[in-house]
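Each remark here refers to the structure printed beneath this line.
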Amino acid sequence: MQETEVPDLLRAYTTDAEPPMRLTSGAVLAAGRRSRRNRRLAGVGGAALTAVLVGAGAMVAPQLVGPSTTVAAAPPCAAPPGSRPPGVIAADQPMSDELADWASASLTCYLSYAMPRMLPGAEYLKAPDALAGPLIGFSMPHPASGRPVRGKLLIGSDRVDARAVIQDAQGTSDFSVMVEMARPEAEAMAAARCEAVTHFACTLHPGPAGTTVTVSSGLEPLPADHPRSYTARVYRGQTIVTVGVSNDDRRGPEPVATRPVPVLTTDQIIELALAPELHLFS
């Protein structure tokens, strides 16, 4: 992608000759604003750039166009971006620029805290088709703005995403987080569909009061070398958090397993999806 401003903030952090640079919330917000402005000018926002949910029950990303050479630890965050800015929180209305920038920075800061603790020693590669660097939040437009909507599970509204290819000694995994505004019917629809679906595995999991937790995956048994993906979704108030992970790095035209299992377990992606810090619109 032509998106370079946010990844450039990581340059000092990934250069051996310099001490690690701390990402401030102001830097993330400023880069996010420039990113949004550049995407408007470039007309970016089509389906080729959108991670969507499809019938396999997994979070499927567009194909990567080639390998990434950017490897870094999770980006540090000096301070969270503060309280949510004022404005309407409604799934039928686009997010303001201020809210989108705040949500993107909030997602970045939480992942910078959570991922090193969950996966000590792992490294993160930028997904070439993502709109920002590894684990850096970026905003996706409202469907009314012209972005094609695919998949019946897209029952939210505006959203912020973060993506990365996670690398450790066992191989690589595709990883993505999506936080979107929920429509009023989202929770009931999700529970009913999970209970009725037969073409992929979906289970309801216990969660705190006022939440619905679903986990979807491929139908077992699968061959040992078959790609596997897990997707956890948490519905709470006006927020849907979706965390997806696979043992496929999305580098080729067909999914290929690059490690025995995804780098995160289902319990770990549920833990991430349940994090109060990610329920940005509730």
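The table that follows gives values for the structure above.
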read-out: Boolean, residue 78 is at pLDDT 70 or above and within 18 Å of the chain's Cα centre (by Cα); value: no
read-out: Near pairs, Cβ below 8 angstrom, 6+ apart or cross-chain, from segment 86-114 (more than 27 Å from residue 124 (Cβ to Cβ)) to any residue that is in a loop (DSSP other than H, G, I, E, B) and of a type in the set (Lys, Arg); value: 91/183; 92/183
read-out: Of residues in segment 138-193 being among the β-branched types (Val, Ile, Thr) and modelled with pLDDT of 90 or more, the one nearest to residue 277 (Cα to Cα); value: 179
read-out: Matching residues, segment 82-104, being buried (at least 21 other Cβ atoms within 10 Å of the Cβ) and either among the acidic types (Asp, Glu) or more than 17 Å from residue 240 (Cβ to Cβ) (or both); value: 101, 102
read-out: Identity of the residue in segment 196-240, assigned to a loop (DSSP other than H, G, I, E, B) and among the polar types (S, T, N, Q), that ends up least open to solvent (accessible area, probe 1.4 Å); value: 238
read-out: Check on residue 272, of a type outside the set (S, T, N, Q), in contact (Cβ under 8 Å) with a residue 60 or more places away in the chain and under 24 Å from residue 119 (Cβ atoms); value: yes
read-out: Matching residues, segment 241-261, being at pLDDT 95 or above and either more than 20 Å from residue 129 (Cα to Cα) or part of a loop (DSSP other than H, G, I, E, B) (or both); value: 241
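The values are calculated or read from the model by the stated rules, or taken from the named source; none is laboratory data. Being a predicted model, the structure only gives us computed values, none of them experimental. No Cβ is skipped: glycine too gets one built from the backbone with ideal geometry, and neighbour counts run over all protein chains shown. In case anyone asks, the SASA skips ligands and DNA or RNA and just uses the protein heavy atoms, side chains included. Shrake-Rupley method; radii C 1.70, N 1.55, O 1.52, S 1.80 Å.
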